[in-house]
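The structure appears right after this line, and notes come after that.
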Amino acid sequence: MRPLSLLLLAALAAPAVDQAPGPDWRKPSDAQLRSRLSEVAYRVTQHDATERAGTSPLDDEHRAGIFVDVVSGEPLFSSRDKFDSGTGWPSFTRPIRPGAVVERTDRSLGVARVEIRSALADSHLGHVFRDGPRDRGGLRYCMNGAAMRFVPAAQLQRLGYGAYAGAFE
């Protein structure tokens, strides 16, 4: 199957949501980021660092909800697509919607990998690998928990993510 065909299938399978950015889904200034983010979150999102495996509470987050960029608040992943990869990092089979993340080639370790960044704030999130669950597409989006914040399904409407609430009803 051609990559374009895969993108079309992913778009058809994704929940229908408003893809327009929310009112606050933008990247704050560097000074604001330094004051708002933990040192680990700042290094991961702004300097492409990787948190230590097993250190993020989001790896064990199993409630219904969505995972958003800690920098901008833009929606990235759904708990419906989360799985336990056994790696120590939160793992997902796909982004919450087409266009939520951007792929880049990363050769920082001397081998080509596919880096995942948030579409609006350009935050480094992690990498995608082809060793995910075969019955769910075969991809493993291996994300740094420090780059994300969890929004429980019960709070989606109140926190401005109402377009995603229907996926959990």
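Quick notes on this structure:
- Residues in region 96-102 carry Karplus couplings, in order, of 5, 7, x, x, 5, 10, 10 Hz; the curve used is 6.51 cos²θ - 1.76 cosθ + 1.60 with θ = phi - 60°, and Gly or Pro positions show x.
- Within-14-Å neighbourhood charge of R52 [Cβ basis; K, R +1; D, E -1]: -2
- Pairwise Cα inverse-distance average, inverted: Kirkwood Rh of region 62-137 (Å): 13.2
- Across region 117-169, Cα-Cα pairs more than 15 Å apart make up 64 percent of the total.
- Cα centroid separation - region 22-86 against region 118-163, whole Å: 8
- GNM result for the chain, Cα springs below 10 Å: residue of G132, G145, G73 fluctuating most strongly: G132
- Choice from D69, D60, D122 showing the highest fluctuation, given a GNM over the chain with Cα pairs closer than 10 Å: D60
- The order of E51, E169, going from fewest to most other C-beta atoms within 10 Å of their C-beta, is E169, E51.
- When restricted to Cα atoms, region 49-106 yields an Rg and a Dmax of 11.7, 32 Å, respectively.
- For the chain, the equivalent ellipsoid derived from the Cα gyration tensor has semi-axes of 22, 21, 16 Å, listed largest first.
No lab work stands behind these numbers, since they all come straight from the coordinates. As the structure is a computational prediction, the values presented were derived from the model and not from experiment. For neighbour counting, all protein chains shown are included, and Cβ atoms are generated from backbone atoms with ideal geometry for every residue, glycine included.
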